[in-house]
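> Would you mind keeping the following structure in view while I ask a few things?
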Amino acid sequence: MRLFRQKHPGAFHKKPFLLFSLAALSSVTLLTGCHGAKDQSAFTIPGEFDTSRDYEITFWAKNDTNKTQTEIYKKAISDFEALYPNITVDLRLYTDYGKIYNDVITNIATGTTPNVCITYPDHIATYLTGNDTVVPLDDLMADSSYGLGGDKLEFASVKKDEIIPRFLQECSFSGHYYALPFMRSTEACYVNKTYVEKLGYTLPETLTWDFVWEVSEAAMAQNADGTYKVNDQNVLIPFIDKSTDNMMIEMLKQKNAGYSTDSGEIQLFNDTTASLLDTIAEHVKTGAFSTFKISSYPANFLNAGQCIFAIDSTAGSTWMGTNAPLVDISSDALVDFETEVMTIPQFDPDNPQMISQGPSVCIFNKKDPQEVLASWLFTQYLLTNDVQTAYSETEGYVPVTSKAQESDQYQDYLSREGEDNSTYYDVKIKASRLLLDNVEHTFVTPVFNGSASLRDAAGQLIESVTKSVRRKQEIDDAYIDKLYSDVTSLYHLDQISSEQSSGKKELGPLPAESRILLGSLAVVWGLILLYLLLERLKKKKGYCSLRSQ
């Protein structure tokens, strides 16, 4: 080895450097490709599913440490594998959709995306900037053999017209269906009715923002010892909102004010937004309002008698109320009160507007079309009655198919409201009914590259104002102007706007993992260039030595 290195200076390590250079170049190309819009080519469906081969597919799903949900996933996988013994499904659980999003983005760069993924349309819009990353489902859905209701499936697949149209439409953007809905929820206001009535108020049929603000301010009255009259405690935040991005988006929708257009034009920073922020600031100043990020989970305050209006997803209903099956506080801290489940506050109660949310399922493209087809079969299986009904019974989700909603099993579940404080917990079933009764009043925001960043920005406006008020800062026109500028810069919204107007699509900031990888690659390139420069200088020096002899 020593002789080889002496005879061929540098030969021992040139090859590894060359290979690493090519790998680095490939990685950079993949990562920078995340910021350019790519056309996703249609997937060519195999004529037959090859059952003579074995397939191993990965399924990334989200779970809130709910063991029942985990068992439902595992049972669905087991039942599916019994129908298709040649397909193995590997489950990977996450506790946060944002972590799934970051991992997918990072894995796009390395070509190691999962096969099937629980996700949101805003996230899929980002995934689409890769080259043929997400499979368009239009042809798969319509295929007579393996599509929705196909005649060669080993199970009773749901038909397209059996998926709730509004939920299915949420998965259509950029000219294609890129996902199937899995579960749906909306937001609800969980109300301590006992305290509302103690304050001398009667709950209206539909909550309004004026009513919520008025009751919240009335609740701030204190006893001589400094405790609050309504709960005789030292702590009270009458109104807490779990999701400030949804709060701002829903307020703007109810006001018929701008947020964004379908083409990706950003309209968030308008006079209505400024007016809403002024109102929110007024109630933060008195202590009547706070947010989850600043004060903690609203259910904890609600259950301890320290909150009157707690806004959260209907999927969070199992945490709400005196008898909630899931709680994060000690039993001795629980306060006995009557919980009312209501639609979120409205500006126009005759025309209620609330956001539709909940996970969808997308499929990532692979070189082997048979592997993609195996992924599609499993994705469809998640919409069968047993899976849909079982999962919806764990929290305040509703099934996404009329077939499951109308099934005897699900109807029996709904009819047993309040029968116990676990499966039939009344608050949970009331939350599900709230969405079932208001599907036509739900909406979704436009999906485009950067829409996830815009959503974060909407929430950041409320979070920033709330923090500033608590720090005794004045919220005036100059503050709002600076806030708009800071948030635009923080979420790269100016880049999104310029790219959209020029016909390009911009993602906003890459995940931290991707930025670190890009930085590392830049260092590697610098070392490679330095190495080549030194080699060139050595050769030049050797040439000059020969000339001088």
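The values are calculated or read from the model by the stated rules, or taken from the named source; none is laboratory data. These figures come from a predicted structure and were not determined experimentally. Glycine also receives a Cβ, built like all others from the backbone with ideal geometry; neighbour counts cover every protein chain displayed.
> Just one of Ala274, Ala219, Ala288 is surrounded by fewer than 23 Cβ atoms within 10 Å (Cβ to Cβ) and more than 21 Å from the chain's Cα centre (by Cα); which is it?
Ala274
> From Ile237, Ile249, grab the single residue that is in contact (Cβ under 8 Å) with a residue 40 or more places away in the chain, in a loop (DSSP other than H, G, I, E, B) and within 30 Å of Ala452 (Cα to Cα).
Ile237
> Go through the range 96-131 and count every residue that is among the β-branched types (Val, Ile, Thr), farther than 22 Å from Ile355 by Cα and not in a helix (DSSP H, G or I).
4
> Exactly one condition in (1) aliphatic (A, V, I, L, M); (2) closer than 24 Å to Thr206 by Cβ; (3) surrounded by fewer than 18 Cβ atoms within 10 Å (Cβ to Cβ) is not met by Ala299; state its number.
(3)
> Considering Leu31, Leu22, which residue is surrounded by fewer than 21 Cβ atoms within 10 Å (Cβ to Cβ), at pLDDT below 95 and in a helix (DSSP H, G or I)?
It is Leu22.
> Okay, next question. What number of residues within the range 333-358 satisfy the criterion of being at pLDDT 95 or above and over 21 Å from Trp209 (Cβ atoms)?
6
> Go through (1) in contact (Cβ under 8 Å) with a residue 24 or more places away in the chain; (2) in a helix (DSSP H, G or I) and name the single condition Glu205 misses.
Unmet condition: (2).
> Residues in the range 271-290: is at least one under 25 Å from Phe337 (Cβ atoms), part of a helix (DSSP H, G or I) and in contact with a Phe, Trp or Tyr (Cβ under 9 Å, 6 or more places away or on another chain)?
Looking through the range 271-290, at least one residue is under 25 Å from Phe337 (Cβ atoms), part of a helix (DSSP H, G or I) and in contact with a Phe, Trp or Tyr (Cβ under 9 Å, 6 or more places away or on another chain).
> Next question. All but one of (1) assigned by TED's automatic domain parsing to the domain that holds Ile87; (2) within 24 Å of Asn438 (Cβ to Cβ) hold for Ile363; state the number of the condition that does not hold.
Of everything listed in (1) assigned by TED's automatic domain parsing to the domain that holds Ile87; (2) within 24 Å of Asn438 (Cβ to Cβ), Ile363 misses just condition (2).
> Kindly evaluate Glu214 against the criterion of being surrounded by fewer than 23 Cβ atoms within 10 Å (Cβ to Cβ), without any contact (Cβ under 8 Å) to a residue 40 or more places away in the chain and out of contact with any strand residue (DSSP E or B) (no Cβ under 6 Å at 6 or more places or on another chain).
yes
> Answer yes if at least one residue in the range 317-328 is in the same structural domain as Leu148 (by TED's automatic domain parsing), assigned to a helix (DSSP H, G or I) and either touching a Ser or Thr at 6+ places or on another chain (Cβ under 6 Å) or not basic (Lys, Arg) (or both), and no otherwise.
No, the conditions are met nowhere in the range 317-328.
> What are the pairs, 6+ residues apart or on separate chains, where a residue within the range 161-179 that is under 15 Å from Met141 (Cα atoms) has its Cβ under 6 Å from a residue that is among the hydroxyl-bearing types (Ser, Thr, Tyr) and at pLDDT below 95?
none
> So Glu440 fits all but one of (1) acidic (Asp, Glu); (2) in contact (Cβ under 8 Å) with a residue 24 or more places away in the chain; (3) more than 24 Å from Val158 (Cα to Cα); what number is the exception?
Single failed check for Glu440: (3).
> In the range 413-472, how many residues are more than 20 Å from Ser185 (Cβ to Cβ) and aromatic (Phe, Trp, Tyr)?
Selection size over the range 413-472: 1.
> Within the range 414-493, considering only helices (runs of 4 or more DSSP H) that don't extend past its boundaries, which have at least 3 residues that are assigned by TED's automatic domain parsing to the domain that holds Thr343 and modelled with pLDDT of 95 or more?
Because the criterion is at least 3 residues that are assigned by TED's automatic domain parsing to the domain that holds Thr343 and modelled with pLDDT of 95 or more, the helices (runs of 4 or more DSSP H) in the range 414-493 that meet it are 451-470.
> Give the residue, chosen from Ile329, Ile249, that is more than 21 Å from Val230 (Cα to Cα) and hydrophobic (A, V, I, L, M, F, W, C).
Ile249
> Now for a different question. Can you report the number of residues in the range 120-151 which are surrounded by fewer than 21 Cβ atoms within 10 Å (Cβ to Cβ), over 29 Å from Thr186 (Cβ atoms) and either among the hydrophobic types (A, V, I, L, M, F, W, C) or touching a strand residue (DSSP E or B) at 6+ places or on another chain (Cβ under 7 Å) (or both)?
Qualifying residue count for the region: 1.
> Also: Can you work out which of the residues in the range 359-413 that are in a helix (DSSP H, G or I) and free of Cβ contacts under 8 Å to residues at least 12 places away in the same chain is nearest to Ala142 (Cα to Cα)?
Applying the filter and picking the extreme gives Asp408.
> Keeping to the range 166-200, report how many residues are among the small types (Gly, Ala, Ser) and surrounded by fewer than 24 Cβ atoms within 10 Å (Cβ to Cβ).
The qualifying residues number 4.
> Now, a different point. In the range 417-444, how many are more than 10 Å from Gly396 (Cβ to Cβ), touching an Asp or Glu at 6+ places or on another chain (Cβ under 8 Å) and β-branched (Val, Ile, Thr)?
2
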